[in-house]
1. Please note which strands (runs of 3 or more DSSP E) are completely contained in region 94-181 and include at least 3 residues that are within 29 Å of PRO250 (Cα to Cα).
2. Give me the strands (runs of 3 or more DSSP E) completely within region 1-78, filtered to those with at least 2 residues that are over 27 Å from ASN155 (Cα atoms), at pLDDT 95 or above and of a type outside the set (Phe, Trp, Tyr), ordered by residue number.
3. Go through the residues of region 192-206 one by one and say whether even a single one is within 19 Å of the chain's Cα centre (by Cα), under 23 Å from ARG101 (Cα atoms) and in a loop (DSSP other than H, G, I, E, B).
4. I'm told GLU203 meets every condition in (1) in contact with a helix residue (DSSP H, G or I) (Cβ under 8 Å, 6 or more places away or on another chain); (2) over 20 Å from PHE20 (Cβ atoms); (3) in contact (Cβ under 8 Å) with a residue 40 or more places away in the chain except one. Can you identify the failing condition by its number?
5. Is it the case that region 281-291 has a residue that's among the basic types (Lys, Arg), over 30 Å from PRO72 (Cα atoms) and either in a loop (DSSP other than H, G, I, E, B) or in the same structural domain as HIS85 (by TED's automatic domain parsing) (or both)?
6. Working only within region 65-82, note down all residues that are of a type in the set (A, V, I, L, M, F, W, C) and either in contact (Cβ under 8 Å) with a residue 60 or more places away in the chain or under 19 Å from GLU194 (Cβ atoms) (or both).
7. Is region 208-218 home to any residue that is modelled with pLDDT of 95 or more, in a loop (DSSP other than H, G, I, E, B) and either assigned by TED's automatic domain parsing to the domain that holds ALA13 or not hydroxyl-bearing (Ser, Thr, Tyr) (or both)?
Amino acid sequence: MQQTPLHGFHCQAGATMVDFAGWQMPVTYEGLVAEHHYTRQHASMFDVSHMGRVEFSGTDAEALLERLNTRPIASMTPGQSRYSHMCREDGGILDDVIVSRLEDRFLVVCNASNRAKLLPWWQQHAAGLQVEINDRTESTAMIAIQGPDAIELMNELLPIQIDDLKRYHFRAGNMFGNEYLVARSGYTGEDGVEIIFPARFAETAANMLISRTAGMDRPIKPAGLGARDTLRTEAGMPLYGHELSEDWDPISAGQAWVVGKDKDFIGREAIDRVRANPEKTLVGFEVDGKRTPRQGAPIESDGQAVGVITSGIKSPTLDKIIAMGFVPPALAEAGTGVRIALKATTLDARVVPLPFYKR
């Protein structure tokens, strides 16, 4: 397994480590529920260094990324980031990514599990073009500071102002001759930033954040993948391998807004066909009882299997069982009742709007 530049920090902080997409990652420190609530109420630090960070430069970089992404790229201005999908010709989602435009290049942040397949795919489509693709994943670190206190604290600690930074925009800074990026984005449903900086400074930076905010009586605490998953599920945010997959398209995944209008990209024709005649769509569920349906659990209506659960949790914020899953469009209206099949029983559930939680 690969280790992030913060591996030593995690071990020193007493994290429980697990294998995640080939990386040794912290799943909890003091406990999933405690870390979840702390993020919702204060601010937590997440290590997201396992995610891919790949730069595209050269005269054809913009045109290549325009072709690869479902959302417009050419209209982006320096300092802007944009969430997008990259798809196959048949519309299957290769990955969901964030593309950021710098003055002289683009940065693509992708999922850890998909970086190995994306790198050769990008190179294939860059053949014959003036594009340089530079994988910066292992030479950099990436942390996310998330929660209602995040912006105020980081605005005080960072050498650049960020409290006026718009959502999905970033600023670059330079310290000791090394560039870093601070983006107002995240994956928890809370406000906050994601910071990319040289890997060799990772443990020093993490320890500084923890110690300096503790001295301010508003400590940032580390949180693991467990809380990250419950936070993103409450916020209705999709996870690749659950709500997103090569086996289906952005329309079916409930993310039609990610498909740009009046632009060409790989998979456009197939996605347009699905838009005209969708067979399934992603919805949220509130589930009765105390059992939590897991990914793959069948969804039934009138005794017939009609869909499948993609994610399910006991929501710490809402104190109820919630889930996401695919159903036919005819069953997607809020209030529609279904049953979710487990091994020895079935659970009553009803469709509810996404997201489950809004800050």
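The values are calculated or read from the model by the stated rules, or taken from the named source; none is laboratory data. Predicted model, so just to flag it, every value in this text is computed and none were measured. Cβ sites come from the backbone with ideal geometry, for glycine too, and all protein chains shown count toward neighbours.
1. Because the criterion is at least 3 residues that are within 29 Å of PRO250 (Cα to Cα), the strands (runs of 3 or more DSSP E) in region 94-181 that meet it are 106-110, 132-135, 140-146.
2. Fully inside region 1-78 and qualifying: 16-20, 23-28.
3. no
4. Here GLU203 meets the rest and fails (2).
5. The answer is yes, given that some residue of region 281-291 is among the basic types (Lys, Arg), over 30 Å from PRO72 (Cα atoms) and either in a loop (DSSP other than H, G, I, E, B) or in the same structural domain as HIS85 (by TED's automatic domain parsing) (or both).
6. Across region 65-82, the qualifying residues are LEU68, MET76.
7. Checking region 208-218: not a single residue is modelled with pLDDT of 95 or more, in a loop (DSSP other than H, G, I, E, B) and either assigned by TED's automatic domain parsing to the domain that holds ALA13 or not hydroxyl-bearing (Ser, Thr, Tyr) (or both).
Let's see how each residue does on (1) in contact with a Pro (Cβ under 9 Å, 6 or more places away or on another chain); (2) surrounded by fewer than 21 Cβ atoms within 10 Å (Cβ to Cβ); (3) under 29 Å from TRP122 (Cα atoms); (4) at pLDDT below 95:
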residue	(1), (2), (3), (4)
GLU234	yes, no, no, no
PHE265	no, no, yes, no
ARG268	no, yes, yes, no
ILE271	yes, no, yes, no
PRO293	no, no, no, no
